[in-house]
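See structure below.
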Amino acid sequence: LLAGHMSKIGAASSVGCHAVPDYELLLDGLTFDAFVYAPPVRGAPEYPAQSGQFSAGELDARCALLIVPGPHLDGASRSLPVVRGQWRLAARVCEVLPQITIAGWPPSGSLLAADAFSACATGWTVGAPFPASGLIALRPAMGRALQSMGLAYFIGQELRIEADLATDADRIARLGLRIAEMLAHRGPLEQVELFAGPDGGAVRLEPSANGRFVRVWPG
């Protein structure tokens, strides 16, 4: 998903599967649809994560480009291989269209400068770690907890790091993204288990009663 304006690209993400794309793009046997949007576009979601690094001028572009998996990928559009291909293709588009300055990922509400996004996507393609900081964001939640945004896109669950742990912002960010990466590869959590954090300490992972969250408690 590419944008020169966060609200335009966000509104474009509501396109349904029956819309006619402006272009079809092919990458390694995977077909993606591309939609070009010109202003005005209304009703866009917010992009709270990382958007503060951009000035109003940088976010004031004349159009937006949305790249989504093609219809033949409907059953696998949220799988890591397809998303990795989507990011790789988007990075290539950034390289050939220098007027694209910002890349947005709606599931996490994240915005990245196009060059940073391209480096991240290219690294992921050639074996770098899962780019959790772009695919998943951590935001304050009720009860002084931290909650992820974007993990549910892959597994149907978000993380909720409880207040007893959410005291050291840097440590908790590393812990949350590491747990998110593990779950994105493995799938939803169905039973209580222990997880070793980056500092070696153990935390307890527990599915919420409604199954929508993975709650993280001191081990």
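Listing for the model above:
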| quantity | calculated |
| --- | --- |
| Surrounding net charge for Met149, when Lys and Arg each add one and Asp and Glu each subtract one, Cβ distance under 10 Å | 0 |
| Cut-off 16 Å (backbone N to label point 7 Å along Cα→Cβ of Val36), residues of the range 78-104 | 93-94, 96-101 |
| Table column - 3J(HN,Hα) (Hz), the range 148-165, Karplus curve with 6.51, -1.76, 1.60, x for Gly and Pro | 7, 9, x, 5, 4, 4, 9, 10, x, 9, 10, 7, 10, 8, 5, 4, 4, 9 |
| 14 Å reach of a label modelled at Ala116, 7 Å along Cα-to-Cβ, counting backbone N of the range 74-105 | 101-105 |
| FRET efficiency, Asp22 to Asn210 (Cβ-Cβ, R0 35 Å, nearest 0.05) | 0.30 |
| R0 of 45 Å, Cβ-Cβ distance Thr167-Ala128: FRET efficiency to nearest 0.05 | 0.90 |
| Net charge over other residues, Cβ less than 13 angstrom from the Cβ of Glu158 (K, R count +1; D, E count -1) | +4 |
| Rounded, prolate or oblate (a/c below 1.5 giving rounded, otherwise prolate when a/b exceeds b/c) for the range 174-219 by Cα gyration tensor | oblate |
| Kirkwood-based Rg to Rh ratio, the range 101-219, C-alpha trace | 0.97 |
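Where a number appears in this text, it was derived from the coordinates with a stated rule and is not lab data. Nothing here was measured: the structure is a model prediction, and the numbers come from that model. No Cβ is skipped: glycine too gets one built from the backbone with ideal geometry, and neighbour counts run over all protein chains shown.
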